[in-house]
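These notes are about the structure you will find just below.
The values are calculated or read from the model by the stated rules, or taken from the named source; none is laboratory data. On a predicted model such as this, the values are computed, not experimentally measured, just so you know. In this analysis, Cβ positions are derived from the backbone assuming ideal geometry, glycine residues included, and neighbour counts consider all displayed protein chains. When the accessible area is computed, the model is the full protein with side chains, heavy atoms only, and any ligands, DNA or RNA have been set aside. Shrake-Rupley method; radii C 1.70, N 1.55, O 1.52, S 1.80 Å.
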Amino acid sequence: MTTTTITLSDLNKLLENVLELKGVTIEGDIEIEFEGGGGGQELLQAVGYEIAQIAARLNNVAGMMGGPAGQVPYMQPMTLPSPIQSRIPQELIPASFDVDPVSEWKHGIEEVVLGATSSDGGTRKTTVTLGGEHALPFYFDAPMPNPNYVSIDVFDMPIGMARAVRMNYEDVLESPAEWAKKVVSKFGADMVTIHLISTDPSIKDTSASDAAKVVEDVLQAVDVPLIIGGSGNPDKDPEVLEKAAEAAEGERCLIASANLNMDYQRIAAAAKEYGHAILSWTQLEINAQKELNRKLMKQCGIERCDIVMDPTTAALGYGLDYAYSNIERIRLAGLIGDQELNFPMSSGTTNAWGARESWMAVSPLKEDSDWGPREYRGPIWEITTGLALALAGVDLFMMMHPTSVQVLKSVTDMLRGGDGGADAATDVSDWVGMMIEG
Amino acid sequence: MKINSPLQAYEYLPKTNCGDCGEPTCMAFASHLIDRSMKAEECPPLLGEEYNDNYNTLADLLAPEIREVVIGTGDHAITIGGDDVLYRHKLTFFNKTAFAYDVWDTMSEEELVKRVNDIQNYKKFYIGEFLTLDAVAIRCTSGDADQFAQTTAKVMETTELPLLLCSLDPEVLGAGLAVAADRKPLIYAATTENWRDVAELALTHNVPVALSAPNDPDALKSLALTFASAGITDLVLDPGTFPTDGLRDSFENFLKIRRAGIDGQTDIAYPLMAVPMTVWERSDGISAAYWESVLASIFTVRYGDIMIMHSIEPYSLLPELHIRDTVYTDPRKPVMVDAGVFEVGSPDRKSPVFITANFALTYYTVESDLASNDIDCYLGVVDTDGIGVEAAVAGGQLNAAKIKDMFDSAGFDVQEKTDHGAVILPGLAARLQGDVEDETGLTVMIGPPDSGQIPRWMESKWES
């Protein structure tokens, strides 16, 4: 006679078969071994279930063989936990979740007001307040007091631009004043940036006083705050911006921009004298940004409430990683108390249109999958570039495509807790099973 | 990671400087452990019996704060999670966000196969490699377990990409797992309703599981604790992605959960899932696609480790892939390439001489445009301090003197090496033309603003 070693569940299974097979005889001794040396409440419970069910089945076998039956209640198999089920708790373990606010963010970002209304000696109908944060953008650690603002670019002469952008401005390219009106009334610009690019000696070499006249025209045409930009020529810009600042005296414009490689003192002096704020522009270099801000304050006597920074925007796919981290580092430094970096920031988001993905008809690389229609690629490129920098710390965006402006304003509003213009609350509970048309 | 200096890691190493790991010293190896460019198991002696305790301790100390979870098997398997910092400049982010795109079980077989192929074949060249998509999320829209299993089988037959099986019905998930468990799919999702059955599936099939508690972090943590107590730790947390009015709450949940995880709340230190495709519940067409990319961008920047999207239009995929690359590019890698004159293809005396900046991104873009279009030429790379062409012209890092320097230092005399004696400036540096002519005495031509246009420019402007 052989001895068979079986486990409880083997036995149970065996007996289950017995119920179905008539005339089976059980021969030999049955030895029961418990697997695993441990125990614990769950294992004991499982063994208990197993034995109870064996008992019920033996009872049935006994009944079939004519013995006394009916004394052991049969347990439904449903109540039998498998070894796996027995590992799973019966109830959810209760929990509450929380996390502390960042304690190092003790210092606020400066607030800078742009635009002056009649009560402040200007002629603007609206003003824009930038900065004032005590946390990273949209973080719960502290309220974000001011929204993100968008200034739309206007140029003092027709320039080359991506087709998707150009089609919005065909009718106003020749008139900066009309162009400015359009971006405010049609495209929702909070501000207008007038770029005096024709002053560049290698472009048209327009005189500083002609440029100042354009600024006056634009001030007449719209009543939002203005950003006044030069051509980017470091030799000519100081003179141009000085004249422009004078022409816009008292309007609290943002003068764009002061840079370390030019006569920034002259530009700063003009901003100060005529009551404007100044854009402190550096190229992806946090230490240069500190240096320029320090010089503007210490050397040129610019007030803290008159400085906005442009740490440079590189397009998505073309250095946005550097621009993003540079801006995030600057904002974090400001929040923990670096007094040379805690100023609002501006982004030349229009740079996104330099990325070939935003404007080129097809990929220049034959290995690529189809790039699809460019009129849809461009605006999302500008949106994504701006949005990444909004998350890093940019307060003010200089942009060009109306759709990009609208989406960026809407999403940043939602991130601040607004409805972003959405009409109704969205039920997302059944995205798994939803049918999508088209 | 519980330690942050090479000395702390060094303590647990054999200190023999045997070199078996490929590093000259144990200290050098230790610094690679700390910057996470090498792993403890790459030290062969440490794997021996005698160092068993050291190895285990060190592995624990070096484990990332956010647990790593693997989805799929073989070459296509994806690892998500694994981060140690909240800001990429503090180290780098590890394991780029995995992008899954959906299919559903009420598609016709033909549509299904086409869509799966579109997902797995998509590619975009970028700095020497292809950006691609990672996974297929199969949604049960039929409510029918058999149909879901059939669709899953068809997807598996079509692709080796990792799978996400999506249904809140355990019976449906079970049917999917019956055919796909060996592929180690992520099952979506356990909720406060179905959690016991889903936990059983995860344990039975040994697959990772997503926990879903829309805008309820307490419940999410409760689920995570419960699953962990059952021995299930390959978890992905879905705090809910509300596309519009609830966006601020969703954003806040991601921030809080990741901050807690990095700060040592291990109960909730798992990879996070965002579902940008929820936006298709409220709109459609281009508007939904745009908004979906917007959500994908937000949660790629802020802590999404895996996400599910719907639109596979190029205008969706291109920005999504590039923002992911932006966030996950290692900020420790060099910004610049060496200056000098490089040959592309096999240039001869009639080949053009292009000039560009030494910003790595610029260089690789120009170089691949030239090579991909079979243009034999010389490429003069100027030391612009790693700044791109347009910005370097504006900032003075790219000027005539620097261009002359570059040719002089490389010992490349354009007059001598070519018949034409001309160089081609990038279109964005056109304003330097006169200066460069004066400085070098060479003929200076103006190329297109974007190197992708060079092939067409060659046809119209380059005669030789």
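What the table below lists for this structure:
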item	result
Long-range HN-HN contacts of A:Asn148 with modeled amide H, under 5 Å	none
Cα-based helix-to-principal-axis angle, B:170-180 vs chain B, degrees rounded to 10	50 degrees
Relative contact order (%) - criterion: Cα under 8 Å, at least six apart; region: the stretch B:188-253	32 percent
Protection-proxy order for peptides A:96-106, B:322-332, B:130-140, each taking the mean of Cβ atoms within 10 Å per residue, highest first	B:130-140, B:322-332, A:96-106
Shielding by other protein chains, B:322-334, mean Cβ within 10 Å	4
Peptides B:189-200, B:268-279, A:186-197 ordered by average Cβ neighbours within 10 Å, highest first	B:268-279, A:186-197, B:189-200
Rounded to whole Å, sorted largest first: equivalent-ellipsoid semi-axes of the stretch B:6-62, Cα gyration tensor	15, 13, 9
Between helix B:314-328 and chain B: long-axis angle, C-alpha atoms, 0 to 90°, nearest 10	90 degrees
When the convex hull of its Cα atoms is projected in every direction, mean area for the stretch A:112-424 (nm²)	16.6 nm²
Long-range amide H partners of B:Asp105 with built H, under 5 Å	B:Arg139, B:Thr141, B:Ser142
Estimated buried accessible area (total), pair A and B, 1.4 Å, Å² to nearest 100	8500 Å²
Cα-Cα separations in the protein assembly as shown greater than 36 Å, expressed as whole percent	57 percent
Alpha carbon Rg of the stretch A:254-326, scaled by the compact-globule rule 2.2 N^0.38 Å	1.13
Principal-axis tilt of helix B:285-301 within chain B, Cα atoms, nearest 10 degrees	90 degrees
Kirkwood Rh in Å, taken over all unlike Cα pairs in the stretch B:70-210	15.9 Å
Under the Karplus curve 6.51 cos²θ - 1.76 cosθ + 1.60, θ = phi - 60°, whole-Hz ³J(HN,Hα) for the stretch B:260-274, x wherever Gly or Pro sits	4, x, 5, 7, x, 7, 5, 4, 10, 8, 10, x, 10, 10, 10
Rg(Cα)/(2.2 N^0.38 Å) for the stretch B:270-313, N = residue count	1.10
Share of alpha-carbon pairs per 5 Å distance bin for the stretch A:358-419, given as whole %	4, 17, 24, 19, 13, 11, 9, 3, 1
Hydrodynamic radius by Kirkwood, which averages 1/r over all alpha carbon pairs of the stretch B:69-327, in angstrom	18.2 Å
Heavy-atom accessible area per residue - the stretch A:264-303, 1.4 Å, Å²	42 Å²
Rounded, prolate or oblate (a/c below 1.5 giving rounded, otherwise prolate when a/b exceeds b/c) for the stretch B:243-368 by Cα gyration tensor	oblate
Anisotropy class of the stretch A:197-236 from Cα gyration tensor, a/c 1.5 cut	prolate
Diffusion constant of the stretch B:336-386 at 37 °C, which comes from Stokes-Einstein with the Kirkwood Cα-pair radius and 0.692 mPa s, µm²/s	305 µm²/s
Test item: B:275-282 mean partner chain Cβ contacts at 10 Å	5
Accessible area of B:Lys417 in the full protein assembly, 1.4 Å probe (Å², nearest 10)	90 Å²
Peptides B:304-311, B:93-100 ordered by average Cβ neighbours within 10 Å, highest first	B:304-311, B:93-100
Protein accessible area in the protein assembly as shown, 1.4 Å probe - carbon and sulfur %	48 percent
FRET efficiency estimate (nearest 0.05) - Cβ-Cβ, B:Asn56 to B:Glu111, R0 51 angstrom	0.50
Mean Cα-pair separation over length for the stretch B:1-140, i.e. relative contact order, pairs under 8 Å, 6 or more apart, %	16 percent
Per residue, the convex hull volume that the Cα atoms of chain B enclose (Å³)	187 Å³
Distance between modelled label sites at B:Glu459 and A:Thr129, nm, 7 Å Cα→Cβ extension	5.7 nm
Alpha carbon convex hull of the stretch B:340-461, projected area averaged over orientations, nm²	6.4 nm²
Spin-label pair A:Lys298/B:Ile3, simplified geometry with 7 Å Cα→Cβ offset, distance in nm	4.2 nm
All-pairs Cα distance distribution in the stretch B:1-112, expressed in whole percent, bin size 10 Å	12, 35, 28, 12, 7, 5, 0
Accessible area in square angstrom per residue, chain B, 1.4 angstrom probe	37 Å²
Under-5 Å amide H pairs with B:Met336, H placed in peptide plane, nonlocal only	B:Ala360
Pairs of Cα atoms farther than 23 Å apart, the stretch A:322-403, %	35 percent
Neighbouring partner chain Cβ atoms per residue of A:359-368, average, 10 Å criterion	5
